[in-house]
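Have a look at this one before I ask anything.
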Amino acid sequence: MCFATTIVLLSIFILIVYVYSRLNRSNHTEKLPGIKPQWVFGNLYNTGIVSGRVTLPEAITELKEKYGDVFSFWFGPYYSIVLSRIDHVQHVLADRHTYDIAETTTRTFGILFPRGLLALRGDEWKRHARFILPMLKRAKVLPYLDTMIACTDRFIDEKLARRNGEIHTDLVEQSQRLLLDIIGFIAFDYDLDSLSSHDGYDLPHAFNDFVHLGNQFILKNGIPFWLGKLILRMSSKYQRALRTMKHYVLNVISEEQARQQEENSTTKPKNLVSSLVAAIKKESSERGTSLTPNEVFDEVSLLILAGFETTSTALSWFIFYMSKYPEVQEKMKAELKEHNLTPDMTLTKEMLDSMVYLDCLVKEILRFSPIAPVVPRQATCDDIIDGIEVKKGDKIVLAIQNLHRDPRYWKIDPSKFIPERFLHEDKHPPHCAYMPFGGGHRACAGQ
């Protein structure tokens, strides 16, 4: 009986996937060049992405070399138009009423954080953005510079320097550990390493599970909404991590609300949550708009997940390229020496702003290995892009990595890692040729 039930359920599932795939393909004719899609996988299998032969950005680059600046690509059952020319990209990003964040993105993040910015559109997005976006401006982040430095110093002293010469090869893991410390202090003013729960499942453990499983889920971008909900509900590990995270975050929110009621309203917020609670309190008194505790939890969790993964990845690339190009590392060290920067000195905003080569180096890392190599958008109505017919609902993929390495837009060979390009010849690349944080009204909020 059990075997028969399994067969029936499997058959129903296959039928649903088949119908699902057919429905999503029925509205499209093959007017654009591209590889013929395969059932269920679309182009994910026949490009080598599923097998691991290539990554998605590598596949997109290979297809551009074969088909040109515009071609079709199927992310499973989802048809997409891939654009790799700046005037096409400019067209998409310039009109916020014709192109918005892709439904696959809002649906995926909506399963994880239904009340977070990346899950919202329209008026709801504007309401949340009014609170969240100002908090991520440079002036709001710089006050945490000392915290970042202190966490980094502690990490180097305790986690790296005392390992008797052992060399770390897992750059991502080490970068993530550092970011865990930094985010704990910035978001909650808590040392996450010192926190534990009554059942032994501490917050750092929950945080790591939450981030790891959340990112695994995001990589499944495009799966049906009902299937995504089912996967997360059946994951006891994710549910446990979510409960632990929610317990801590909601407690911090409650404590902060109580503190701000008792203390003078001019008291400066000391962490991300307190800043958000203060902003909500001010907005509520001035405009009557607010965010609920659950909305705050989703926004804080989204900021943690997005900021943790992207920043740790960028840091990993930084360490990698410094190891691969020792001559670049020496130039960076020389600039630090020029500013007489020693371990005993306090790094300031003014020092950071004066380090020109370091700024070029960071830009080159984000150009060469963008954290988001593709940016999805979706047409909200019919449109024409340079003679290309776009139907309402069509998904548009902006191939950022292709733009970053296109010799048409860069004076110095874009296939080579050369930070100095941003000093002179490529200091001001054409609009949309360099977009490590995307663009338009839905650009990365944390840039």
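The values are calculated or read from the model by the stated rules, or taken from the named source; none is laboratory data. Remember, predicted model here, so these are calculated numbers, not experimental data. Cβ atoms come from the backbone with ideal geometry, glycine included; neighbour counts cover every protein chain shown.
So that you can scan it fast, the table gives a plain yes or no per residue for (1) at pLDDT below 85; (2) within 25 Å of the chain's Cα centre (by Cα); (3) of a type in the set (Lys, Arg):
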| site | (1), (2), (3) |
| --- | --- |
| Arg287 | yes, no, yes |
| Ser290 | yes, no, no |
| Asp298 | no, yes, no |
| Leu302 | no, yes, no |
| Gly307 | yes, yes, no |
| Lys333 | no, no, yes |
| Lys337 | no, no, yes |
| Pro343 | yes, no, no |
| Leu347 | yes, no, no |
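Going by the conditions given, is Thr152 polar (S, T, N, Q), out of contact with any Leu (no Cβ under 8 Å at 6 or more places or on another chain) and either over 23 Å from Asp298 (Cα atoms) or at pLDDT 75 or above (or both)?
Details: polar (S, T, N, Q): yes; out of contact with any Leu (no Cβ under 8 Å at 6 or more places or on another chain): no; either over 23 Å from Asp298 (Cα atoms) or at pLDDT 75 or above (or both): yes.
Spelling it out, it is not the case that Thr152 is polar (S, T, N, Q), out of contact with any Leu (no Cβ under 8 Å at 6 or more places or on another chain) and either over 23 Å from Asp298 (Cα atoms) or at pLDDT 75 or above (or both).
Restricting to segment 415-432, name every residue that is buried (at least 21 other Cβ atoms within 10 Å of the Cβ), assigned to a loop (DSSP other than H, G, I, E, B) and in contact with a helix residue (DSSP H, G or I) (Cβ under 7 Å, 6 or more places away or on another chain).
Selection gives Cys432 alone.
Which pairs have Cβ atoms under 9 Å, sit 6 or more apart or on different chains, and link a residue in segment 428-447 that is on the phi > 0 side of the Ramachandran plot to one that is charged (D, E, K, R)?
Final answer for the pair search is Cys432/Asp87; Gly440/Asp95; Gly440/Arg96; Gly440/Arg377.
Here's another thing I want to ask about it. Just to be sure, is Ile396 of a type in the set (Val, Ile, Thr), part of a loop (DSSP other than H, G, I, E, B) and at pLDDT 95 or above? Spell out the reasoning first.
On the way: of a type in the set (Val, Ile, Thr): yes; part of a loop (DSSP other than H, G, I, E, B): no; at pLDDT 95 or above: yes.
So Ile396 does not fit the description; no.
Do any helices (runs of 4 or more DSSP H) entirely within segment 279-372 hold 1 or more residues that are farther than 30 Å from His404 by Cα and among the polar types (S, T, N, Q), and if so, which?
Working: elements: 293-324, 326-338, 349-354, 356-368.
Per the criteria, 293-324.
Among (1) touching a residue at least 12 places away in the same chain (Cβ under 8 Å); (2) of a type in the set (A, V, I, L, M); (3) over 15 Å from Val300 (Cβ atoms), there is one condition Leu118 misses while meeting the rest; what is its number?
Going through (1) touching a residue at least 12 places away in the same chain (Cβ under 8 Å); (2) of a type in the set (A, V, I, L, M); (3) over 15 Å from Val300 (Cβ atoms) one by one, Leu118 breaks only (3).
Output yes when any residue across segment 334-341 is surrounded by 13 or more Cβ atoms within 10 Å (Cβ to Cβ) and more than 24 Å from Glu364 (Cα to Cα), and no when none is. Before you say what the answer is, go through the steps one by one.
Keep residues of segment 334-341 that are surrounded by 13 or more Cβ atoms within 10 Å (Cβ to Cβ), which gives 335-336, 339, 341.
Next cut, more than 24 Å from Glu364 (Cα to Cα) only: none.
No, segment 334-341 has no match at all.
While we're on this one: Can you say whether Gly222 is modelled with pLDDT under 70 and surrounded by fewer than 14 Cβ atoms within 10 Å (Cβ to Cβ), as far as the supplied structure shows? First the steps, then the outcome.
Working: modelled with pLDDT under 70: yes; surrounded by fewer than 14 Cβ atoms within 10 Å (Cβ to Cβ): no.
No.
Can I ask one more? Out of the residues in segment 355-390 meeting the condition of being among the charged types (D, E, K, R) and surrounded by 19 or more Cβ atoms within 10 Å (Cβ to Cβ), tell me which one is farthest from His424 (Cα to Cα).
Filtering segment 355-390 for residues among the charged types (D, E, K, R) gives 359, 363-364, 367, 377, 382-383, 386, 389.
Now drop any that are not surrounded by 19 or more Cβ atoms within 10 Å (Cβ to Cβ), which leaves 364, 367, 377.
Numbers: Glu364: 13, Arg367: 16, Arg377: 33 Å.
The residue in question is Arg377.
OK, next. In segment 124-144, is there at least one residue being of a type in the set (Ser, Thr, Tyr), in contact with a strand residue (DSSP E or B) (Cβ under 8 Å, 6 or more places away or on another chain) and closer than 30 Å to Ser275 by Cβ? Before you say what the answer is, go through the steps one by one.
Filtering segment 124-144 down to residues of a type in the set (Ser, Thr, Tyr) leaves 144.
Keeping just the survivors that are in contact with a strand residue (DSSP E or B) (Cβ under 8 Å, 6 or more places away or on another chain) gives none.
No: zero hits.
Among the residues of segment 123-152, write down those that are outside any helix (DSSP H, G or I) and surrounded by 13 or more Cβ atoms within 10 Å (Cβ to Cβ).
Leu136
Give segment 157-179 a look and list any residue that's of a type in the set (A, V, I, L, M, F, W, C), at pLDDT below 80 and either surrounded by 15 or more Cβ atoms within 10 Å (Cβ to Cβ) or not in a loop (DSSP other than H, G, I, E, B) (or both), or say none. Don't jump to the end; show me each part of the working.
We begin by selecting, within segment 157-179, every residue of a type in the set (A, V, I, L, M, F, W, C); these are 160-161, 167, 171-172, 178-179.
Of the ones still in play, those that are also at pLDDT below 80 are 160-161, 167, 171-172.
If the condition is that a residue be of a type in the set (A, V, I, L, M, F, W, C), at pLDDT below 80 and either surrounded by 15 or more Cβ atoms within 10 Å (Cβ to Cβ) or not in a loop (DSSP other than H, G, I, E, B) (or both), then Leu160, Leu171, Val172 are the ones that fit.
Please specify each residue of segment 258-270 satisfying the condition of being in a helix (DSSP H, G or I) and modelled with pLDDT under 80. Walk me through how you get there before you give the answer.
Step one: filter segment 258-270 for residues in a helix (DSSP H, G or I), giving 258-262.
Listed by number, the residues that qualify are Arg259, Gln260, Gln261, Glu262.
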